[in-house]
1. Normalised by the number of residues in segment 32-187, what is the relative contact order in percent for Cα pairs under 8 Å and 6+ residues apart?
2. Summing Lys, Arg as +1 and Asp, Glu as -1, what charge do residues with Cβ under 12 Å from the Cβ of Gln66 carry, Gln66 excluded?
3. Given N residues in segment 85-159, what is its alpha carbon radius of gyration divided by 2.2 N^0.38 Å?
4. If Rh is defined by the Kirkwood formula over all Cα pairs and Rg also comes from Cα, what ratio Rg/Rh do you get for segment 23-117?
5. Full-extension gain between Asp218 and Arg135, please, as 0.36 nm times their residue separation minus the C-alpha to C-alpha distance.
6. Ordered by packing density, taken as the mean number of other Cβ atoms within 10 Å over each peptide's residues, highest first, how do 78-87, 138-147 rank?
7. How high is the relative contact order of segment 110-226, in percent, counting Cα pairs under 8 Å that sit 6 or more residues apart?
8. Would you tally the net charge around Ser151, using a Cβ to Cβ cut-off of less than 15 Å, leaving Ser151 out, and scoring K and R as +1, D and E as -1?
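No value in this document is a laboratory result; all are computed from the given coordinates. Here the structure is a predicted model, which is why all the values come from computation and not from measurement. Cβ sites come from the backbone with ideal geometry, for glycine too, and all protein chains shown count toward neighbours.
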Amino acid sequence: MRAPWWLALIATASPAWADWEFIDRWSEPIQDFETRVATTTNADGYALHLYRNPVGRVYVLITLPQDSPDLALSGPVATLTPDGFAAKVIEAQDERGRVVEYAISTGRAVRDRLWHGEGQAPAFGTFHDLLEAPRLDATLTLETEDMVTTSWTMEGAAKPIAQALGISMGGIPAGEEWEEAAAQALLAAMTACQFPKLDVICVQKVSECSAQISDARDIDAFETCLGGDG
């Protein structure tokens, strides 16, 4: 599911929430497809990415800082532990399984599927736990057989994840229906600025008020902003 044209326009005006960021066009490094991603990099340089593949499955990808030794290429290469929840062992294989989808390690990154991606966000499982946890810990197995532990805060993750995955969470609306409604509201406002002739002040007003959609994700507030003094 591709993001509508308006999302790229208003995303550039959106401030980052905490350490998390939403990227509308991101190239997945393992299979080289373009998707939307919610991502954060911790102080040690380890990056965490959450995204969908072209058929909608949700993945987690961890990339290493430049000065880190490589990850192990197979076996239990990582353990994810959402704070307060059960751990998930990520086991990588050199070849893809016919039934079970194993994780993939490139040495510089490890990717694992978290959720099949159908319907609303799951009520249980690692992906659910990750969304509920205040912090995510990861223990990584290096090619040297040493172990390294790192963590990321989940504070401020709700909005970027909602944008990237199209799921409503933490009271933040998302999904195709919401995006279509927001797109129509923006399109109607921009169209009104062009008749009977282009009104630059009107366009500026729409741009200013668009934060009510991009940041607050509140269409009613956007329309109220357009009708008021700011």
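1. Taking the mean separation of contacting Cα pairs over the length of segment 32-187, I get 23 percent.
2. Every neighbour counted, the sum reads -2.
3. Compactness ratio reported: 1.23.
4. Using Cα coordinates only, the ratio equals 0.94.
5. 27.1 nm
6. In descending order of packing, they fall as 78-87, 138-147.
7. Once normalised by length, the contact order is 13 percent.
8. -4
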